[in-house]
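Note sheet for the following structure.
The values are calculated or read from the model by the stated rules, or taken from the named source; none is laboratory data. The shown structure was predicted, so the numbers you read here are calculated from the model rather than taken from an experiment. Positions of Cβ are generated from backbone atoms using ideal geometry, with glycine treated the same way; all protein chains shown enter the neighbour counts.
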Amino acid sequence: MKRMHLFYIVPAILMIILIAVLDIPLFITYFIVSFLFLIRLLVMKREQVENRKTTDQIFLPILIFSFFVLGILESFF
C-alpha cells in the first residue's frame, strides 16, 4: 500500500522541482508527469492479480489524459 502512494508523491515533488528549481516550462512538466502516470498505469496492468477494478485503474487514465491536455493547452497559450 505504501508503494502505491509513492507513485503519487514522486510526480508531485518532481513537478515542484521542475517548475520552481529548474524553471522548466509548465507544458513540458505536464508531459513529463503524464508520462510517469502512464508508466504507473502500465505497471499496474502487469501486476494485476484481481479481476475487479481498483480506484487507481479508473482514476489514472483520467489523470493522464488531463495532464496531457493541460500540456497541450499550455503550449498554445
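Which of the residues spanning segment 20-32 are farther than 15 Å from residue 75 by Cα and part of a helix (DSSP H, G or I)?
Result: 20, 21.
Filter segment 11-42 down to the residues that are within 21 Å of residue 59 (Cβ to Cβ) and of a type in the set (Gly, Ala, Ser), then identify the one that is farthest from the chain's Cα centre (by Cα).
The qualifying residue farthest from the chain's Cα centre (by Cα) is 12.
List pairs: first in segment 22-36 and over 18 Å from residue 9 (Cα atoms), second surrounded by fewer than 14 Cβ atoms within 10 Å (Cβ to Cβ) and of a type outside the set (Lys, Arg), Cβ under 7 Å, 6+ apart or cross-chain?
These pairs meet every condition: 27/75.
If we scan segment 8-25, do we find a residue that is modelled with pLDDT of 75 or more and among the hydroxyl-bearing types (Ser, Thr, Tyr)?
no
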